[in-house]
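The values are calculated or read from the model by the stated rules, or taken from the named source; none is laboratory data. Since the model is a prediction, treat every value here as computed from it, not as a measurement. Cβ placement follows ideal geometry from the backbone for every residue including glycine, while neighbour counts extend to all protein chains displayed.
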Amino acid sequence: MAKIDAFFQLMNEQGASDLHLVTGQQPALRIRGEIERIKYDTLDNDGLKAMLYEIAPEIKIKQFEETGDVDFAYEIPGLARYRANFFEQKWGCAAVFREIPSKILGCKDLGLPDVIAKLALLPRGLVLVTGPTGSGKSTTLAAIVDEANKLRRDHIITVEDPIEFVHQSQGCIVNHREVGLHTRSFSAALRGALREDPDIILVGEMRDLETIGLAIEAASTGHLVFGTLHTTSAAKTVDRVIEVFPANEQAQIRSTLADGIRAVISQTLFKRADKKGRCAALEILIANTAVRNLIRESKTFQIPSMIQTGKKYGMQLLDDAIMELLNKGWISGDDAYQKSNDKARFRQYLKNPPTDFTEV
């Protein structure tokens, strides 16, 4: 048993999402969204590095020493998997570990709207799950892929950096590929995937123009593609995808995207106010004919209005989802205000409304 495993045991017992190990500081856990120190000695650089190197593959240690940061996954059988990031900082080395549960929760277990599970049965197209770091994008995608794995008889390829949730092949054949270990890059894996007879492709992160372009191409050539972006609303997601491309290509991409896109889910995570735990608020855009026309005609600013009038298709605005959680008493007025798009709508729920000069 590696020395660091004791921290992972504690992390699991405390229900923490992240473990922080930093030279010159005590270890810390992120519990329900907040950092809490562990009663432990201050970590020194040599001791921490020895602890980290005990669990890292040789190739990752070499990469860390050459570049100053590295990502990989570490697993403790029977406990959980961990997404690890080592990095150098002013006082020495540091690391952050995100716990990835070994049990994959389904859409119903997570309390996701019914329309989310239906996305797993789409024959083709592009589905984007977006939100800030730590908003549960990977968990939502894992639930959708799990649904497909159970109900379909297809080939699923996932491309991640590193591999997070591990799906055992059920109705589908599932192949997991890790960037840096099994493939050189997201774009290289996507190019290869098109020759590997896939039905469903999951792209862990759409980071650059080439990856985004290949994902759109795959979606438009008969594959179902799931991907993630760090955007905070459906309209901003569409704009972000288009704006990655040079100006002279944007009209063509807008048309291709309009044909291929099927849904955008933008989510944010909240700390529960009524009990221990967290819950997600989702903005859901289903790309019907009217939505595709808006994308094609460069009228994405009208997407929020389209979501508002598209409730019968399962669409919902993020602020409406936040208001529903607030009315249930699941989240606080302060959190609702902080993470909403229309701040004015939630000011009445604050005891001491702030004066934010950026919103004047």
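A few comments on the model shown:
- Some residue of the stretch 69-80 being assigned to a loop (DSSP other than H, G, I, E, B), surrounded by 15 or more Cβ atoms within 10 Å (Cβ to Cβ) and either among the aliphatic types (A, V, I, L, M) or not assigned by TED's automatic domain parsing to the domain that holds R30 (or both): yes
- Verdict on V159 being modelled with pLDDT of 95 or more and either among the aliphatic types (A, V, I, L, M) or over 16 Å from the mean Cα position of the chain (by Cα) (or both): yes
- Test: residue in the stretch 13-20 that is touching a residue at least 40 places away in the same chain (Cβ under 8 Å), in contact with a Gly (Cβ under 7 Å, 6 or more places away or on another chain) and not assigned by TED's automatic domain parsing to the domain that holds T139: no
- Residue within the stretch 55-63 that is part of a strand (DSSP E or B) and either surrounded by 14 or more Cβ atoms within 10 Å (Cβ to Cβ) or at pLDDT 95 or above (or both) present: no
- Filter result for the condition that a residue is buried (at least 21 other Cβ atoms within 10 Å of the Cβ) and charged (D, E, K, R), over E283, E297, E324: E283
- Candidates L229, L224 - the one that is in the same structural domain as E249 (by TED's automatic domain parsing), under 29 Å from Q316 (Cβ atoms) and at pLDDT 95 or above: L224
- Screening T42 with (1) within 26 Å of K276 (Cα to Cα); (2) without any contact (Cβ under 8 Å) to a residue 60 or more places away in the chain; (3) not in a helix (DSSP H, G or I) gives one miss only, at (1).
- Unique residue being touching a helix residue (DSSP H, G or I) at 6+ places or on another chain (Cβ under 8 Å), more than 20 Å from P123 (Cβ to Cβ) and not in a strand (DSSP E or B) when the list is T133, T231, T237, T139: T231
- In this structure, L105 does not qualify as part of a loop (DSSP other than H, G, I, E, B), touching a strand residue (DSSP E or B) at 6+ places or on another chain (Cβ under 9 Å) and surrounded by fewer than 18 Cβ atoms within 10 Å (Cβ to Cβ).
- Residues of the stretch 82-101 satisfying the condition of being over 16 Å from the mean Cα position of the chain (by Cα) and in contact (Cβ under 8 Å) with a residue 40 or more places away in the chain: Q89, W91, G92, C93, A94, A95, V96
- Among the residues making up the stretch 11-70, a single one is among the aliphatic types (A, V, I, L, M), farther than 17 Å from F87 by Cβ and touching a Pro at 6+ places or on another chain (Cβ under 6 Å): I38.
- Filtering I212, I157 for residues that are touching a residue at least 24 places away in the same chain (Cβ under 8 Å), among the aliphatic types (A, V, I, L, M), closer than 29 Å to A56 by Cβ and assigned by TED's automatic domain parsing to the domain that holds G260 leaves a single hit, I157.
- Test for L122: is it surrounded by fewer than 22 Cβ atoms within 10 Å (Cβ to Cβ), assigned by TED's automatic domain parsing to the domain that holds I216 and hydrophobic (A, V, I, L, M, F, W, C): yes
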